[in-house]
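Asks: One structure coming up, written as structure tokens, with questions to follow.
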Amino acid sequence: MDFTPEDERLIKEKWEELLQSCTKICKNDEDWEFIKRAFFLAKEAHGGVRRRSGEPYLLHPIAVAKIVVDEIGLGVKSVVAALLHDVVEDTEYTVEDMERIFGPKIAKMVDGLTKMSGVFNADTSEQAEYLLLSENLQTDLRYPLIKFLRNTQALTEQNLLFPNHRKEWQLLWILRMLRIS
């Protein structure tokens, strides 16, 4: 299933907004090319897939990548991981493919994000949640942060979380995960 002309227009608009945001973090042509490769692979991998809202699925990883840059201030590798965060989980691509195409660091980040998909399931015991979270925190703080931003963006998109309350919800989530609240 391919994207419709309207999908392509919307994807192009959001992609250009992300590129504008990335001017803050891209220092050279290699940075730009790295992000573009991730985008085009995600676009191909997610094909004409749609969210429940009817929007192209690709808008979700673009939105998460934009949050990574604009709201959190992370760098190029985090943007690439955000764009690819559901590719291994939802398509035929493997972690090995990510390593071959993007290198071991990105493969490790995407793998960490994929392994964290169970952290937010109600079926998962709290011990397993914290074990998985702490394992990923010891490796790289970006894994749980990007996964968290992904979930926050999805809730906002589904009108389950009002955009003007997103920052408060993020802080509450962080406090809960740290058991401070």
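Asks: Rounding to the nearest 20 debye, state how big the charge dipole of the range 1-59 is about its Cα centre with +1 on each Lys and Arg Cβ and -1 on each Asp and Glu Cβ.
Replies: In total the dipole reaches around 240 debye.
Asks: 5 Å is the cut-off here: which amide hydrogens, built 1.01 Å from N in the peptide plane, fall below it relative to Arg50, excluding neighbours closer than 5 in sequence?
Replies: Sorted by chain and number, the residues that satisfy this are Tyr57.
Asks: Would you mind computing, in nm to one decimal, how far apart the modelled labels at Leu19 and Asp90 are, each placed 7 Å from Cα along Cα→Cβ?
Replies: 2.3 nm
Asks: May I ask you to derive the FRET efficiency for Arg51 and Ile101 from their Cβ-Cβ distance with R0 = 25 Å, giving the value to the nearest 0.05?
Replies: On the way: r = 25 Å, r/R0 = 1.00.
Approximately 0.50, to the nearest 0.05.
Asks: Would you please put 11-23, 49-61, 83-95 in order of how densely packed they are, using the mean number of other Cβ atoms within 10 angstrom per residue and starting with the highest?
Replies: The peptides rank, most packed first, as 83-95, 49-61, 11-23.
Asks: So, one more: Would you mind putting 27-35, 74-82 in packing order, based on average other-beta-carbon counts within 10 Å, highest first?
Replies: In decreasing order of mean packing, 27-35, 74-82 become 74-82, 27-35.
Bear in mind these aren't lab numbers, they're just calculated from the coordinates by the rules spelled out. All values derive from a computational prediction rather than experimental measurement. Counting neighbours? That spans all protein chains shown, and the Cβs are built from the backbone with ideal geometry, glycine included.
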